[in-house]
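The values are calculated or read from the model by the stated rules, or taken from the named source; none is laboratory data. Computed from a predicted model, the values in this text were never measured in an experiment. Don't worry about glycine lacking a Cβ; one is built from the backbone with ideal geometry, like all the others, and counts go over all protein chains shown. All accessible areas refer to the heavy atoms of the entire protein, side chains included, with ligands and DNA or RNA removed. Shrake-Rupley method; radii C 1.70, N 1.55, O 1.52, S 1.80 Å.
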Amino acid sequence: MARAKQQKSQLQEYVEAILWAVALTFVLRAFVIQAFRIPSESMVKTLLVGDFLFVNKFEYGPKIPFTHVRLPGLRKPRRGDVIVFQYPPDPSKDYIKRCIATEGQTIEVRRKQIYVDGRKLSEPYIQHIDPNQRPAALDPRDNMPPFTVPSGFLFMMGDNRDNSYDSRFWGPVAMDLVKGRAMFIYYSTGGNSWWNYLLKTRFDRMFRPIR
């Protein structure tokens, strides 16, 4: 009888420990930090396909799950922040881009150059892979007329400017869709299948802060 009670007590402890671990994981993922994997080349050279990174959800204020309520954060997003957000046309997908302009600022693209409030940006992190320029009448990739970012929105663009589907095409991102700021790469691999992930680990990229 005593042995059965002891086994039941041990089982209860295991179950409670598992439940606490699950609850803690949920809280951390919902309010503090979340893992994210880079799926495309839109942020090259800053981020490569196969980079695994952590996203700080606390800095801008985490959202209460299943609501549109955002708790107070440490600061608002700034130009230059690399941010993970829900893709506006399909919020079930997560995207990662760089914030180029915040609410109230006016952004313009002239011959691949970015101007914010009339001043040309210095962007050492970008790359261009296509020397050709497309007219604004064709698409806004290389030339876009002035656009003022509405209140509560951010204008997001990829660092790989000629190969990024971003706010130039589908508009600004509402703060309600923002998940958090990308912090650092914790693992990186050039492998395209699970069996060769370790063989193609990019050790030089691990624990690299994202700027």
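Hey, residue 170 hits all of (1) out of contact with any Lys or Arg (no Cβ under 6 Å at 6 or more places or on another chain); (2) over 25 Å from residue 70 (Cβ atoms) but one; which does it fall short on?
Evaluating residue 170 over (1) out of contact with any Lys or Arg (no Cβ under 6 Å at 6 or more places or on another chain); (2) over 25 Å from residue 70 (Cβ atoms) leaves (2) as the failure.
Against the condition under 23 Å from residue 83 (Cα atoms), among the small types (Gly, Ala, Ser) and either open to solvent by less than 50 Å² (accessible area, probe 1.4 Å) or at pLDDT 95 or above (or both), how does residue 118 come out, does it pass?
no
Hey, could you check segment 63-79 for residues that are touching a residue at least 60 places away in the same chain (Cβ under 8 Å) and assigned to a loop (DSSP other than H, G, I, E, B) and say which is nearest to residue 188 (Cα to Cα)?
77
What single numbered condition from (1) open to solvent by less than 50 Å² (accessible area, probe 1.4 Å); (2) in contact with an Asp or Glu (Cβ under 9 Å, 6 or more places away or on another chain); (3) within 22 Å of residue 76 (Cα to Cα); (4) of a type in the set (S, T, N, Q) fails to hold for residue 151?
Failing condition for residue 151: (1).
Just to be sure, is residue 49 farther than 26 Å from residue 148 by Cα, of a type in the set (Val, Ile, Thr) and not in a loop (DSSP other than H, G, I, E, B)?
Values: farther than 26 Å from residue 148 by Cα: yes; of a type in the set (Val, Ile, Thr): yes; not in a loop (DSSP other than H, G, I, E, B): no.
So residue 49 does not fit the description; no.
Of the conditions (1) open to solvent by less than 10 Å² (accessible area, probe 1.4 Å); (2) in contact with a helix residue (DSSP H, G or I) (Cβ under 6 Å, 6 or more places away or on another chain); (3) farther than 18 Å from residue 84 by Cα, residue 129 fails just one. Which one is it?
(1)
Can you name every residue in segment 80-127 that is of a type in the set (A, V, I, L, M) and either part of a strand (DSSP E or B) or touching a Leu at 6+ places or on another chain (Cβ under 6 Å) (or both)?
82, 83, 84, 96, 100, 101, 107, 109, 114, 116
A quick yes/no check of all residues on (1) modelled with pLDDT of 95 or more; (2) closer than 18 Å to residue 37 by Cβ:
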{"site": "93", "(1), (2)": "yes, yes"}
{"site": "142", "(1), (2)": "yes, no"}
{"site": "160", "(1), (2)": "yes, yes"}
{"site": "185", "(1), (2)": "yes, yes"}
{"site": "193", "(1), (2)": "no, yes"}
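Where the second residue is β-branched (Val, Ile, Thr) and buried (at least 16 other Cβ atoms within 10 Å of the Cβ) and the first is over 19 Å from residue 87 (Cβ atoms) and modelled with pLDDT under 90 and lies in segment 27-50, which pairs have Cβ atoms under 7 Å and are six or more apart or on separate chains?
Qualifying pairs under 7 Å: 33/55.
Being buried (at least 20 other Cβ atoms within 10 Å of the Cβ), of a type in the set (A, V, I, L, M) and out of contact with any Pro (no Cβ under 7 Å at 6 or more places or on another chain) is the filter here; which residues of segment 45-83 pass it?
47, 53, 55, 82, listed by residue number.
Take the residues in segment 171-205 that are assigned to a loop (DSSP other than H, G, I, E, B) and open to solvent by 50 Å² or more (accessible area, probe 1.4 Å), then tell me which one is nearest to residue 76 (Cα to Cα).
Looking at residues that are assigned to a loop (DSSP other than H, G, I, E, B) and open to solvent by 50 Å² or more (accessible area, probe 1.4 Å), I get 202.
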